[in-house]
Amino acid sequence: ILNSFCGTAVNAARGIAVQVETIVRQFASNVQTSINPQIIKSYSDNDLDRMFSLIFASSRYCFYLLFLLSLPILMETEFLLSIWLEEVPDHTVNFVRIILCTTLLDSLSNPMFTANLASGKVKVYHITISCISYTFMPITYFALKYYKIPEIVFVCLFITQIFGVIARLFIIRYQIKLPIRDYCINVFKPIFLVL
């Protein structure tokens, strides 16, 4: 969609932004992988309080570590890209910044995904999240058609991710009785204070 509306140069800028995202996301994935077995074990032992505390801690610390890694990139995107590339394509700086913010938001989803896998009730979770994810394409198409701003693609992705996190919270609440209020107090509040 981005290529057909904005051309190959913008698509190249997107490719660079995705490369940066992949490197940052890999780091967060490694941290989350070390916590996943404990979340699953807590669920299988029916120790929901420990599992909730692991979900809260995992969400917070993955976000913090990713934020620590992303902050210098967010602050000095233009400089870092100029070191890496001879000529930085237009829109690349904005693409990298928005996609890193989306990755930060997505880091909150990983512990909820693990909790869903532990419960074994994956059908509703996957259908709901897939539906939210697939709405990204038509929304992006119409947004680009009317606004003609390449950054709108990544803004739409970020907004879709917000809805995805909210949907995950409600699904997990239904499946394993995760208290949303406690999640907000233990995860969202400290994250907003840090931000």
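When you check Asn94 against the structure, is it assigned to a helix (DSSP H, G or I) and either among the aromatic types (Phe, Trp, Tyr) or in contact with an Asp or Glu (Cβ under 7 Å, 6 or more places away or on another chain) (or both), yes or no? Yes.
Residues in the range 109-146 that are of a type in the set (D, E, K, R), at pLDDT below 90 and within 22 Å of Leu48 (Cβ to Cβ): Lys121 alone.
Tell me which residues, restricted to the range 53-83, are of a type in the set (S, T, N, Q), open to solvent by 60 Å² or more (accessible area, probe 1.4 Å) and farther than 23 Å from Ile16 by Cβ. Listed by number, the list holds a single entry, Ser53. Of the helices (runs of 4 or more DSSP H) contained entirely in the range 137-195, those carrying at least 2 residues that are farther than 19 Å from Phe113 by Cα fall at 152-176, 189-194.
The set of residues in the range 10-52 being surrounded by 13 or more Cβ atoms within 10 Å (Cβ to Cβ) and not in a helix (DSSP H, G or I) consists of Asp47 alone.
Those residues that are at negative phi and open to solvent by 40 Å² or more (accessible area, probe 1.4 Å), I need them from the range 163-178; list them, please. If the condition is that a residue be at negative phi and open to solvent by 40 Å² or more (accessible area, probe 1.4 Å), then Phe163, Ile166, Phe170, Arg173, Tyr174 are the ones that fit.
Listed by first and then second residue, the pairs linking a residue in the range 63-84 that is more than 17 Å from Asp106 (Cα to Cα) to a residue that is in a helix (DSSP H, G or I) and of a type outside the set (Ser, Thr, Tyr), with Cβ atoms under 6 Å apart and 6 or more places separating them unless they lie on different chains, are Thr77/Val93; Thr77/Val96; Thr77/Arg97; Glu78/Val93. Applying the set (1) open to solvent by 50 Å² or more (accessible area, probe 1.4 Å); (2) farther than 30 Å from Gln38 by Cα; (3) in a helix (DSSP H, G or I) to Glu86 leaves exactly one unmet item: (3).
Among the residues of the range 144-162, the one identified as among the hydrophobic types (A, V, I, L, M, F, W, C), touching a residue at least 60 places away in the same chain (Cβ under 8 Å) and open to solvent by 30 Å² or more (accessible area, probe 1.4 Å) is Phe158. If you filter the range 1-50 down to residues that are farther than 30 Å from Leu85 by Cα and hydrophobic (A, V, I, L, M, F, W, C), you find that the one that is modelled with the lowest pLDDT is Ile35. Against the conditions (1) open to solvent by less than 50 Å² (accessible area, probe 1.4 Å); (2) at pLDDT below 90, Val187 satisfies every one except (2).
For the range 147-170, filtered to residues that are charged (D, E, K, R) and within 18 Å of Ile1 (Cα to Cα), the residue that is modelled with the highest pLDDT is Glu151.
The values are calculated or read from the model by the stated rules, or taken from the named source; none is laboratory data. What you see is a predicted model, and the numbers here were worked out from it, not measured in a lab. Glycine gets a Cβ as well: all are built from the backbone with ideal geometry, and neighbour counts include every protein chain shown. For the accessible areas, the whole protein counts, side chains as well, though only heavy atoms, and no ligand, DNA or RNA atoms are used. Shrake-Rupley method; radii C 1.70, N 1.55, O 1.52, S 1.80 Å.
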